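Worksheet for the structure shown next.
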Amino acid sequence: MSLVAECKVFRFDATFELEQQPIGVVSDVTLDRRDAASAMRSAFAELKSADIPVISLLRNMSETSLRDAKNLGATCCLSALTPPAMVARTVMSQVIQDRAERPNRTIERGVARATEVLTRLFDSARTNDHVSMTHVDASLDPIISAVREGGLTRWLDRVWTHDDATYQHCLLVAGVAAKFSLHLGFAEDDRSHFVRAALLHDLGKAKIPLAILNKPGRLDDAETAIMRTHPVIGYEKLKPSGCDAATLDAVRHHHEMLDGSGYPDGLSGNAVSDTVRLLTICDIYSALTEKRVYKPAMPTAVAMAILSDMTGRLEGGLVQSFGEAMAHNV
Ligand SMILES: [Fe+2]
Ligand SMILES: [Fe+2]
């Protein structure tokens with residue numbers, strides 16, 4: 001027998017004061033008691049958001065008790081008569097299983113939240129409805145946590161299976177932006193702002209015909225002219241939504257280049273904001289490395305060589321940092 005984890009005991013009606021996030025919880029209370037059930041409901045709600053195993057010991061194993069415990073947030077139920085050694089073994093196997101599954105779970109959650117947000121935004125933009133920013137911010141933390149805990153490789157592998165090419169691209173840019181901002185050590189607020197701009201940057205594509213968006217191969221001049229309207233469309237759609245000025249600027253200007261060769265406003269030098277300088281790198285890298293039925297993914301090294309060759313158009317120092325961020329890609 002060895003010590004696998006420190007165990008702390010709390011009365012059910014006490015406030016949890018924990019210095020560290022617990023790795024798992026065993027509850028041993030009579031849930032038939034109303035005060036106990038209500039105390040456990042609030043405690044479990046907190047623990048559920050911490051996303052850890054919660055094992056509930058039950059006085060009776062009736063279907064109703066099991067359902068009540070699960071509804072409260074228990075991830076596993078055992079009889080209160082279970083020998084302590086077996087409870088300890090169950091805790092550890094749940095914790096080990098939870099740790100193994102956690103990276104994929106955070107990826108699934110992040111992709112699901114971000115896809116839900118993109119679907120709402122693009123649907124509103126397509127049908128000329130008011131674009132609401134209400135749910136956007138709630139998706140940023142799941143995206144950042146997914147990339148931090150699950151790793152960018154898992155994020156990209158999952159997103160590459162997305163069936164809509166435009167959503168796939170926005171999710172890729174958001175994941176790459178999350179990784180870049182984590183690598184650069186951005187403060188939490190700056191990180192969220194940057195990932196929000198990445199998620200929203202191509203919203204204007206909602207109004208671009210699918211035949212152009214999904215055309216395999218090169219666009220002709222007329223198609224390119226239509227495609228190039230998307231930054232302004234996205235900006236116009238987001239402007240009445242209460243979206244902040246920095247994000248609006250990033251959406252409008254994410255195809256501007258430092259040498260003035262970009263569009264739609266031909267900005268150059270200092271007129272190109274820091275967010276845009278970072279976002280263009282993430283955007284181009286994601287576009288180069290995207291997988292399509294007609295195009296295999298370009299290896300990271302080749303994509304980085306292309307970015308490095310864009311001296312004068314992209315900021316060299318940032319391209320170098322970006323390369324380092326992608327090289328530490330786990
Ligand atoms: Fe774009
Ligand atoms: Fe893009």
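Each row is one residue, and each column tells you yes or no for (1) within 13 Å of ligand 2 (Cβ to nearest atom); (2) free of Cβ contacts under 8 Å to residues at least 12 places away in the same chain; (3) under 24 Å from the mean Cα position of the chain (by Cα).
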residue: 197; (1), (2), (3): yes, no, yes
residue: 216; (1), (2), (3): no, no, no
residue: 223; (1), (2), (3): no, yes, no
residue: 226; (1), (2), (3): no, no, no
residue: 240; (1), (2), (3): no, no, no
residue: 245; (1), (2), (3): no, yes, yes
residue: 251; (1), (2), (3): yes, no, yes
residue: 272; (1), (2), (3): no, no, no
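Would you check if there is a residue in segment 190-198 being open to solvent by less than 50 Å² (accessible area, probe 1.4 Å) and more than 18 Å from residue 138 (Cβ to Cβ)?
no
Looking at segment 188-246 only, could you name the residues that are among the polar types (S, T, N, Q) and in contact with a Phe, Trp or Tyr (Cβ under 6 Å, 6 or more places away or on another chain)?
none
If you take the residues in segment 56-75 that are touching a strand residue (DSSP E or B) at 6+ places or on another chain (Cβ under 6 Å) and surrounded by fewer than 18 Cβ atoms within 10 Å (Cβ to Cβ), which one is nearest to residue 153 (Cα to Cα)?
66
Being out of contact with any Lys or Arg (no Cβ under 6 Å at 6 or more places or on another chain), within 15 Å of ligand 1 (Cβ to nearest atom) and not in a helix (DSSP H, G or I), is that true of even one residue in segment 169-179?
Within segment 169-179, not a single residue is out of contact with any Lys or Arg (no Cβ under 6 Å at 6 or more places or on another chain), within 15 Å of ligand 1 (Cβ to nearest atom) and not in a helix (DSSP H, G or I).
Looking only at residues in segment 250-270 that are among the hydrophobic types (A, V, I, L, M, F, W, C) and out of contact with any His (no Cβ under 7 Å at 6 or more places or on another chain), which one is farthest from ligand 1 (Cβ to nearest atom)?
Per the stated criteria, the residue is 258.
Looking only at residues in segment 300-330 that are touching a Ser or Thr at 6+ places or on another chain (Cβ under 8 Å) and part of a loop (DSSP other than H, G, I, E, B), which one is farthest from residue 267 (Cα to Cα)?
Among them, the one singled out is 330.
Answer yes if at least one residue in segment 141-148 is open to solvent by 60 Å² or more (accessible area, probe 1.4 Å), away from ligand 1 (no atom under 16 Å from the Cβ), more than 29 Å from residue 241 (Cβ to Cβ) and in contact with a helix residue (DSSP H, G or I) (Cβ under 7 Å, 6 or more places away or on another chain), and no otherwise.
No, segment 141-148 contains no residue that is open to solvent by 60 Å² or more (accessible area, probe 1.4 Å), away from ligand 1 (no atom under 16 Å from the Cβ), more than 29 Å from residue 241 (Cβ to Cβ) and in contact with a helix residue (DSSP H, G or I) (Cβ under 7 Å, 6 or more places away or on another chain).
On the given criteria, is residue 42 farther than 30 Å from residue 147 by Cβ, open to solvent by 50 Å² or more (accessible area, probe 1.4 Å) and at pLDDT below 80?
Considered against the rule, which asks whether it is farther than 30 Å from residue 147 by Cβ, open to solvent by 50 Å² or more (accessible area, probe 1.4 Å) and at pLDDT below 80, residue 42 comes out as yes.
Count, please, the residues in segment 100-122 that happen to be of a type in the set (D, E, K, R) and without any contact (Cβ under 8 Å) to a residue 40 or more places away in the chain.
Total satisfying the criteria: 5.
Of the residues that sit in segment 217-245 and are of a type in the set (D, E, K, R) and assigned to a loop (DSSP other than H, G, I, E, B), which one is modelled with the lowest pLDDT?
Among those that are of a type in the set (D, E, K, R) and assigned to a loop (DSSP other than H, G, I, E, B), it is 218.
Can you find a residue in segment 209-225 that is assigned by TED's automatic domain parsing to the domain that holds residue 308, open to solvent by 20 Å² or more (accessible area, probe 1.4 Å), among the polar types (S, T, N, Q) and more than 16 Å from ligand 1 (Cβ to nearest atom)?
Within segment 209-225 (the criterion being assigned by TED's automatic domain parsing to the domain that holds residue 308, open to solvent by 20 Å² or more (accessible area, probe 1.4 Å), among the polar types (S, T, N, Q) and more than 16 Å from ligand 1 (Cβ to nearest atom)), the answer is no, since none of the residues qualifies.
Report yes if some residue within segment 157-165 is over 16 Å from residue 103 (Cβ atoms) and part of a helix (DSSP H, G or I); otherwise report no.
yes
The values are calculated or read from the model by the stated rules, or taken from the named source; none is laboratory data. The model shown is predicted, which means the values in this text are computed figures rather than measured ones. Ideal geometry is used to build each Cβ from the backbone, glycine not excepted, and the neighbour counts take in all protein chains shown. Note: accessible area is taken over every heavy atom of the protein model, side chains too, but ligands, DNA and RNA are not part of it. Shrake-Rupley method; radii C 1.70, N 1.55, O 1.52, S 1.80 Å.
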